[in-house]
Amino acid sequence: MAALSPTVPVAVHLVRDPGLSAGVREVLRGVPDGVQVSVLVREVGGGSVLEALQPDQAMIPASTQKLVTAASVLVDRGGAGGWWSTELTVPAAEVGQNSVSALTLRGGADPTLSVAGGPNSLRSLAKQAFARGLRRVNAVRLDESQMRADGWTDLIVDVPMTAVRLSEWANNPPLSAQEARARAGAALVAELRRAGIQVGSDVVGVAPKFTPYVAPARGDEDGQPLPPDPLIPVKRRPEQGLASVRSGSPAPVLAAVLRPSDNLKAEELLGTLAATPLGRGTLAGALLRERAALRRMGVDLTGIELADGSGLSRANRLTARALVQLLSVLHDLPYAQSGATPPLPAAVYRTRRNAFAEALPQAGTGDDNPDHTGRGGTMALRLQNSGLDVRAKTGTLPGVSALAGYVTAKSGKTLAFSILMNGPETTPILTLRGVQDQMVRAVAAAH
């Protein structure tokens, strides 16, 4: 027997996170009793961790949960150049006819689809249908197979998520899937008639779920089995497209969610992840797709619990480490906005072409806007006159305050940071925000 080779010792280096700098420790003295704090600060671009305090403690994130929603959707759409689409289809046996028995509206939960506002609208679909020769429709119906009405009952935002949504519903959303169908269908019927297409009925139906055709078994004259007939009867084929529209970049939608911290828009954004076969049309399916996106980004999922897209649920759990990992990836592998793009991630960030970073609220802009719809969003009146470039997402629930994003340090380096604070529901939130702002100043000064 051959002699065994001697075992070669392998050195294992365990890297411990650093503690907190003196300035940050001093600031934390102002945290009220009973409040748990989790902190992580890291230099982006593969840099080291600079500050840490319980970074792996799972905490209620409040609206910093929206960072996960926005990042997952941006990845799902393939970046700032992605889109959502909506189409009209007709029965395969009636393709090319000027009169059809049914016209089906099929959507992917596009949150930007409108009735008449430009190319991504029902009006544009109706005009296309007329241009392709359609003159009469006996019935209009909606495809609801992409979203399950009973799959969203756990949302605190009590609004149904549907495969067809209209941007005009922002201030008056439908209260049921049936109401959504009726309103979307009525809007489409009106636009079809406006385009010169007759519609036989104002009643809006539901398109039957497509069942793939299975060819019957067949045999030869000796009774031996033959391969199935490859020809699919025309009446069993899927409906065919007649008209289609697509949205613009998802980047403005992310900004409309993150800057004002819009809860309904966040849930609608999450709904786009569900309106796919993998999303199964349900909240649970959308959250599974979020976890898959985080896993692909290399985010540590230990302790992570996802319950919604907005952060309203107190069942959500994130860690400071997970948020900083997410922020680091979206800086280091940026989805750039349109236009000439600098070659390196740091340049993309500095020239404000990083689609994710630019969707975040910008601190200290001074926007006096109650709806927080300006560039500063929920950070407009924070860190004013600090001289700091801070782009960060806030989070607030009773007893919960959070801040996570990017800050340019005194050295010129870009840092990703996350500060999560959980305490009794009576904890003064303004005090926690004040501590967070002082921490950001201290971190920037120390590095």
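Using the structure shown, decide if Thr272 is touching a helix residue (DSSP H, G or I) at 6+ places or on another chain (Cβ under 9 Å), farther than 25 Å from Ala116 by Cα and either among the hydroxyl-bearing types (Ser, Thr, Tyr) or part of a helix (DSSP H, G or I) (or both).
Working: touching a helix residue (DSSP H, G or I) at 6+ places or on another chain (Cβ under 9 Å): yes; farther than 25 Å from Ala116 by Cα: no; either among the hydroxyl-bearing types (Ser, Thr, Tyr) or part of a helix (DSSP H, G or I) (or both): yes.
It is false that Thr272 is touching a helix residue (DSSP H, G or I) at 6+ places or on another chain (Cβ under 9 Å), farther than 25 Å from Ala116 by Cα and either among the hydroxyl-bearing types (Ser, Thr, Tyr) or part of a helix (DSSP H, G or I) (or both).
Hey, does region 96-108 have a residue that's out of contact with any strand residue (DSSP E or B) (no Cβ under 9 Å at 6 or more places or on another chain) and in contact (Cβ under 8 Å) with a residue 40 or more places away in the chain?
So far as region 96-108 goes, no, none of its residues is out of contact with any strand residue (DSSP E or B) (no Cβ under 9 Å at 6 or more places or on another chain) and in contact (Cβ under 8 Å) with a residue 40 or more places away in the chain.
Considering each of Ala445, Ala416, Ala347, Ala357 in turn, give the residue that is of a type outside the set (D, E, K, R) and assigned to a strand (DSSP E or B).
That would be Ala416, the only listed residue that is of a type outside the set (D, E, K, R) and assigned to a strand (DSSP E or B).
Which residue pairs have Cβ atoms under 6 Å apart, sit 6 or more places apart or on different chains, and have a first residue in region 28-56 that is at positive phi and a second that is crowded, with 17+ Cβ neighbours inside 10 Å and hydroxyl-bearing (Ser, Thr, Tyr)?
Sorted first by the residue in region 28-56, then by its partner, the pairs are Gln54/Ser38.
Quick check on my filter: what residues within region 137-157 are assigned to a helix (DSSP H, G or I) and out of contact with any helix residue (DSSP H, G or I) (no Cβ under 8 Å at 6 or more places or on another chain)?
Scanning region 137-157 gives a single hit, Asp150.
State whether one or more residues within region 22-45 are at pLDDT below 95, touching a strand residue (DSSP E or B) at 6+ places or on another chain (Cβ under 6 Å) and under 16 Å from Ala322 (Cα atoms).
no
Going through region 388-438 one residue at a time, which ones are open to solvent by 40 Å² or more (accessible area, probe 1.4 Å) and within 21 Å of the chain's Cα centre (by Cα)?
Scanning region 388-438 gives a single hit, Thr396.
Output the residue which, of all residues in region 158-211 that are charged (D, E, K, R) and assigned to a loop (DSSP other than H, G, I, E, B), is least open to solvent (accessible area, probe 1.4 Å).
Arg165
Mind counting the residues in region 21-53 that are open to solvent by 30 Å² or more (accessible area, probe 1.4 Å) and part of a loop (DSSP other than H, G, I, E, B)?
Residues that pass the stated criteria total 8.
Could you identify the single residue in Leu125, Leu134, Leu105 that is among the hydrophobic types (A, V, I, L, M, F, W, C), closer than 21 Å to Gln198 by Cβ and assigned to a strand (DSSP E or B)?
Numbers: Leu125 fails: assigned to a strand (DSSP E or B); Leu134 fails: assigned to a strand (DSSP E or B).
From the options Leu125, Leu134, Leu105, the qualifying one is Leu105.
With the condition kept exactly as written, say whether any residue in region 295-305 is under 16 Å from the mean Cα position of the chain (by Cα), surrounded by 23 or more Cβ atoms within 10 Å (Cβ to Cβ) and among the hydrophobic types (A, V, I, L, M, F, W, C).
No: region 295-305 contains no residue that is under 16 Å from the mean Cα position of the chain (by Cα), surrounded by 23 or more Cβ atoms within 10 Å (Cβ to Cβ) and among the hydrophobic types (A, V, I, L, M, F, W, C).
Of the residues Gly248, Gly281, Gly311, Gly285, which is closer than 24 Å to Ala416 by Cβ and either in contact (Cβ under 8 Å) with a residue 60 or more places away in the chain or open to solvent by less than 10 Å² (accessible area, probe 1.4 Å) (or both)? Walk me through how you get there before you give the answer.
Numbers: Gly248 fails: closer than 24 Å to Ala416 by Cβ; Gly281 fails: closer than 24 Å to Ala416 by Cβ; Gly285 fails: closer than 24 Å to Ala416 by Cβ.
So the residue among Gly248, Gly281, Gly311, Gly285 that is closer than 24 Å to Ala416 by Cβ and either in contact (Cβ under 8 Å) with a residue 60 or more places away in the chain or open to solvent by less than 10 Å² (accessible area, probe 1.4 Å) (or both) is Gly311.
The values are calculated or read from the model by the stated rules, or taken from the named source; none is laboratory data. This one's a predicted model, so the numbers in the text were calculated from it and none came from an experiment. For neighbour counting, all protein chains shown are included, and Cβ atoms are generated from backbone atoms with ideal geometry for every residue, glycine included. Calculation scope for accessible area: heavy atoms of the full protein, side chains included, ligands and nucleic acids excluded. Shrake-Rupley method; radii C 1.70, N 1.55, O 1.52, S 1.80 Å.
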